[in-house]
Amino acid sequence: MSDVDLIVQRLELRGHRVTGSRRSVLEALASAAAHFTVDDVLHLAPGVGRATVFRTMKLLQDLNVVCRVLMEDGSLHYRLSMRGHHHHLVCRSCGRVEDFSNCDVSSLVDQLRQVTEYEIEGHWLEVYGKCASCRILEQVEVPA
Ligand SMILES: [Zn+2]
Ligand SMILES: [Zn+2]
Ligand SMILES: [Zn+2]
């Protein structure tokens, strides 16, 4: 089953209608790069309005089909992901994004809840660095 079919199935299971323009957005997401901006989606789904793209992206986030990645330059990218709660490792040199899910912030959350009396609803964590390939490239380019 393709990514698009899987997402359509998930939408329909939750009672959402998959209209022609929603399907175009899904097909654009499936053909986009590993992570992409709303503008990329607009280019890949010509004929679908900006508002529809934004609404569809929001819906897909709510359904845990798409996640957001905060790039180091402050731009917000999106990524197809159905893996549930996770975080990103972002390479500052080549922009590669990898997922990791073993985040352990429960003790911090407990502590915050006690100190601030907040009801904690979520957290966001991105880790920035330089991936292994970029580090190797740098070693090749810089003579010892
Ligand atoms: Zn993600
Ligand atoms: Zn890299
Ligand atoms: Zn987490």
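The values are calculated or read from the model by the stated rules, or taken from the named source; none is laboratory data. As the structure is a prediction and not an experimental result, all values here were calculated from the model. All Cβ positions, glycine included, derive from the backbone under ideal geometry; neighbour counts span all protein chains shown. We work out accessible area using only protein heavy atoms, side chains counted, and drop any ligands, DNA or RNA first. Shrake-Rupley method; radii C 1.70, N 1.55, O 1.52, S 1.80 Å.
Within the range 48-55, the presence of a residue that is outside any helix (DSSP H, G or I), closer than 15 Å to Met82 by Cβ and among the small types (Gly, Ala, Ser) is excluded. A count restricted to the range 76-126 and to residues that are within 12 Å of ligand 3 (Cβ to nearest atom), under 19 Å from the mean Cα position of the chain (by Cα) and either surrounded by 12 or more Cβ atoms within 10 Å (Cβ to Cβ) or farther than 29 Å from Leu26 by Cα (or both) stands at 7. Only residues that are under 14 Å from the mean Cα position of the chain (by Cα), in contact (Cβ under 8 Å) with a residue 24 or more places away in the chain and either surrounded by fewer than 16 Cβ atoms within 10 Å (Cβ to Cβ) or at positive phi (or both) were counted across the range 8-36, and they come to 2. Remark: Leu70 matches the filter, which requires a residue to be modelled with pLDDT of 95 or more and within 13 Å of the chain's Cα centre (by Cα). Taken over the range 61-70, the criterion of being loosely packed, with under 15 Cβ neighbours inside 10 Å and assigned to a loop (DSSP other than H, G, I, E, B) is satisfied by Asn64 alone. Within the range 99-122, the presence of a residue that is of a type in the set (A, V, I, L, M), within 23 Å of Leu11 (Cα to Cα), out of contact with any Pro (no Cβ under 7 Å at 6 or more places or on another chain) and at pLDDT 95 or above is excluded. Contact map, the range 110-133: residues that are over 24 Å from Leu76 (Cα atoms) paired with residues that are surrounded by 11 or more Cβ atoms within 10 Å (Cβ to Cβ) and of a type in the set (Val, Ile, Thr), Cβ distance under 9 Å, separation 6+ or inter-chain. Pairs shown: Asp110/Ile120; Leu112/Ile120; Arg113/Ile120.
Just one of the listed residues (Asp5, Asp73, Asp40) is open to solvent by 30 Å² or more (accessible area, probe 1.4 Å), within 30 Å of Glu138 (Cα to Cα) and in a helix (DSSP H, G or I), and it is Asp40.
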